[in-house]
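Structure, as structure tokens:
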Amino acid sequence: MTIHYKSNIGQDRDANPLVQLPDGERHIRNVNWVGLQTLYMKEVRRFFKVQLQTLWAPSITTLLYLIIFTVALGSVKPTVLGVSFADFIAPGLIIMGMMQNAFANSSFSLLVGKIQGTIVDYLMPPLSNAEVLAALTAAAVTRAFLVGGTIWLAMLFWPGVHVMPVHYWAVLWFGLMGSMMLALIGVMTSIWAEKFDHAAAVSNFVVAPAALLSGTFYSVDKLSPVFQAISHANPFFYAISGFRYGFIGNADSPVMFGALLLLGINAVLGLCCYLLLRSGWKLRA
């Protein structure tokens, strides 16, 4: 005797939306939230596995800048923008460390995939270009805030330094915009670079000089008009100035202008990264 089985799953799926799909089968509608979260967690776990190098080492290095300046000044107590020099440079050091680590994280992701031949792990999953970009950027920003929080906690207990926020919105906004800007630049770098030397060149000759020459250790009001103009053309300056405003309540640039400018820059960078990912330039054969 032969028993015939008839499956109505395919017929009833559209008629009855409550019918469960077979195991392993998923419908992805607008956003693949599961895939996006998976890629994000992959990137976060990657830098957490070497957190001594990715979190603690940058925090200690940045803190050394503060220690050197406070010890070198000794009994001299200069004031900048109405606060002590230590209070002036502390916020700039925090966001400088955040931005540099955001770049370091995102500039490594796709590049190491191309070098090791695992770039297919980013290209083959059912993720759109926007979802890949969002996951890589979010992971880099996460690392930036972890590094910034570590530096802030260390400075909080350092004698003679006051780093309690005055305007929390400015700390969060400029910290986010500055970290996102460098994360997107890092994604562009990882798409363009073909070896680690290329990414290191961008870090050493573009990111580091732009961060150090953006008013981290000085007020641009003390510079000559020519160098003031150069500083105001540097987007890093607005991120550092606005972030410092969140801690000391003073800034050497219009805060709202800087906030909107960084938002616009991030929108342009995000669009450029999306178009590069969609084109497959230096990613697909």
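The values are calculated or read from the model by the stated rules, or taken from the named source; none is laboratory data. Quick caveat, the model's predicted, so the values are computed rather than measured. Every residue, glycine as well, gets a Cβ built from its backbone with ideal geometry; the counts of neighbours run over all protein chains shown.
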**OP:** Exactly one condition in (1) small (G, A, S); (2) without any contact (Cβ under 8 Å) to a residue 40 or more places away in the chain; (3) part of a loop (DSSP other than H, G, I, E, B) is not met by G215; state its number.
**Re:** (2)
**OP:** Would you be able to tell me the number of residues in the range 146-169 that are crowded, with 23+ Cβ neighbours inside 10 Å and either of a type in the set (A, V, I, L, M) or touching a residue at least 60 places away in the same chain (Cβ under 8 Å) (or both)?
**Re:** 2
**OP:** Kindly indicate whether any position in the range 23-31 is among the charged types (D, E, K, R), within 31 Å of the chain's Cα centre (by Cα) and at pLDDT 50 or above.
**Re:** yes
Original post:
Failed condition for I68, given (1) hydrophobic (A, V, I, L, M, F, W, C); (2) touching a residue at least 12 places away in the same chain (Cβ under 8 Å); (3) surrounded by fewer than 16 Cβ atoms within 10 Å (Cβ to Cβ), with all others met?
Top reply: (2)
Subject >> Options S241, S219: the member that is in contact with a strand residue (DSSP E or B) (Cβ under 8 Å, 6 or more places away or on another chain), closer than 25 Å to L64 by Cα and small (G, A, S) >> reply: S219
**OP:** Determine whether L123 is surrounded by fewer than 18 Cβ atoms within 10 Å (Cβ to Cβ) and under 17 Å from E43 (Cα atoms).
**Re:** yes
Subject >> Evaluation of A201 against (1) of a type in the set (G, A, S); (2) surrounded by fewer than 20 Cβ atoms within 10 Å (Cβ to Cβ); (3) under 22 Å from N105 (Cβ atoms); (4) touching a residue at least 12 places away in the same chain (Cβ under 8 Å) (one fails), failing number >> reply: (4)
**OP:** Only residues in the range 260-279 that are surrounded by fewer than 18 Cβ atoms within 10 Å (Cβ to Cβ) count as the first member; pair them with residues that are acidic (D, E), Cβ under 9 angstrom, at least 6 apart or cross-chain, and list the lot.
**Re:** none
**OP:** State the number of residues belonging to the range 227-255 that are in a helix (DSSP H, G or I) and under 24 Å from L93 (Cβ atoms).
**Re:** 20
Subject >> Residue that is surrounded by the most Cβ atoms within 10 Å (Cβ to Cβ), among those in the range 224-245 that are among the small types (G, A, S) and touching a Gly at 6+ places or on another chain (Cβ under 8 Å) >> reply: A239
**OP:** Keeping to the range 71-123, report how many residues are in a helix (DSSP H, G or I) and over 17 Å from R244 (Cβ atoms).
**Re:** 23
